[in-house]
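Below: one structure, written as structure tokens.
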Amino acid sequence: MSFSALNLNPAIVQALTASGYTEPTPVQAKSIPEAVAGHDLMCSAPTGTGKTAAFVLPALQRLAQPAKPGRGPRVLVLTPTRELALQVTSAVEKYSKFMGRVRTGTVLGGMPYPKQRKLLESSLDILVATPGRLIDFIDQGKVDFSRLELLVLDEADRMLDMGFIKPVERIAGATPPGRQTLLFSATLDGNIATLAKRLLKQPKLIACEATKENHDNIEQRLHYVDDGSHKHRILDHLLRDVEMTQAIVFTATKHGADRLAAKLNDGGHTAAALHGNMNQSQRNRTLARMRSGNVRVLVATDVAARGIDVASITHVINYDLPKVAEDYVHRIGRTGRAGNSGIAISFAAPDEGHQLKQIERYTGNQIERHVIEGMEPKVKPRSGGSNGDPRKRFGDPRKRFGEAAKPRRPSTGGSNWGGKSFGGNGGRPSSRDGGGGFGGNRSRGRG
């Protein structure tokens, strides 16, 4: 199926073609026709399946129709984090470039209020916002939803995980009752189903499975570690490999990211931390240094790193295993971008066998065990890994980090159109104003 078969505005199809995209992913093929037809949607779509386009394209299609008079936005997209809000805004700009002027703005935490207040006073087509900051402006009487036609709840499960259920309901209550509502979430049960019953009208249900094979271009490795000292020695050794261009090192906590970045800098590495306690200006500066090559190692939490798209990242290192198996997939997806191959390395302590088994069960693959000569683990893991031959348990010692990764076939999963990624990313902030960054673990207060 082609995008032209979805009866989208020719200007939208032209923008997609100019970007190299010709065929919709499954979630787009299922969602776009229903959304364009005016139905409310409940869509279960994991990160990486192309869900951002699944609501951006119908939103742009709606803008091709005559609008009610006024200055308030016609489309409102709520996202859990600042970075995801900026990604959605970028997608709108990219796929509307042949439509004439589409007035788009973002209202999010970590940025000055006056500029955003002025934005809300101007005429808008699409407003992308984080819930906390938007509530602030609603309290000030600065938001006009009188002509709103479409409400999109992106990463709804993460917004609820972060405690945003009441702000989301309040924002929805301030919009016209006749609006169309599109809800996208990794799951559609529990609180999400309850929320949907209150906000949606006879929604169409759409479920898309995560594509397990879309990391075939990423070589995955595992190192068992005895303790913190052993872990850091292995990390230091890996980071000194000349084959590593740039790396993201994931930690479980914000303070852990700060401490590890400082320790790496003391050891001669050019490292910087990225986490939810940093404001947007700090984040932007850190990412600019990463993209310019002035930072080789970015030490980040899940929340902070979810939306990073830097093609030069050759390695991802899970210094701490994620608590949620799905987050492992999000993490390793920071490498192997733009058709490149990548390497993802995870450390597992003796008490992390359960987390490791969850990850391998979720991905459907056992991560290949590796050891570094002279840094072999002394403590046998409690679970995850076979007994007997140490090369089966830990990987062949001859497979050293410095060897080039074997060529992998490019991904053919649902997150790619002709080899180009077109999936949305998201996460959740650590504060009310949408301030926690780019994505994150399920447990609150982390990242």
| So how long is each side of the range 214-288 along the principal axes, counting just the alpha-carbon atoms, biggest first, in Å? | 35, 33, 24
| task | Please give the peptides 176-184, 128-136, 25-33 ranked by average Cβ packing (other Cβ atoms within 10 Å per residue), highest first, as a rough proxy for protection. | result | 128-136, 25-33, 176-184
| said: Going by average Cβ density within 10 Å per residue, which order do the peptides 8-17, 95-104, 321-330, 54-63 take, highest to lowest? | reply: 54-63, 321-330, 8-17, 95-104
| Under a no-solvent Debye model with one identical scatterer per Cα of the range 47-141, what's log10 I(q)/I(0) at q = 0.10, 0.12, 0.15 Å⁻¹? | -0.25, -0.37, -0.58
| task | Please list, in chain and number order, the residues 5+ apart from Val249 or on another chain whose amide H is under 5 Å from its amide H, with Hs placed from the backbone. | result | Leu298, Val299, Ala300, Ile317
| Looking at the range 3-207, what % of the alpha carbon pairs are farther apart than 30 Å? | 14 percent
| Note, ³J(HN,Hα) from phi for the range 49-63, Karplus 6.51, -1.76, 1.60, rounded to Hz, x at Gly and Pro | 9, x, 5, 4, 5, 5, 10, 5, 5, x, 5, 5, 4, 5, 5
| task | For the range 99-104, take each phi angle, set θ = phi - 60°, evaluate the Karplus expression 6.51 cos²θ - 1.76 cosθ + 1.60, and give the result in whole Hz per residue in order, putting x for glycine and proline. | result | 9, x, 6, 10, 7, 10
| the range 1-101 pair-distance distribution - Cα-Cα, 10 Å bins, rounded % | 14, 50, 33, 3
| Derived scalar couplings ³J(HN,Hα) [the range 153-162; Karplus, 6.51 cos²θ - 1.76 cosθ + 1.60; whole Hz; x for Gly, Pro] | 10, 9, 6, 4, 5, 6, 4, 6, 4, 7
| remark: For the range 240-376, Rg(Cα) over 2.2 N^0.38 Å is 1.02
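Taken together, the values in this text are just the output of simple stated rules run on the coordinates, not laboratory data. In this text the structure is predicted, and so the values were computed from the model without any measurement. With ideal geometry, Cβ positions are generated from the backbone for all residues, glycine too; neighbour counts draw on all protein chains shown.
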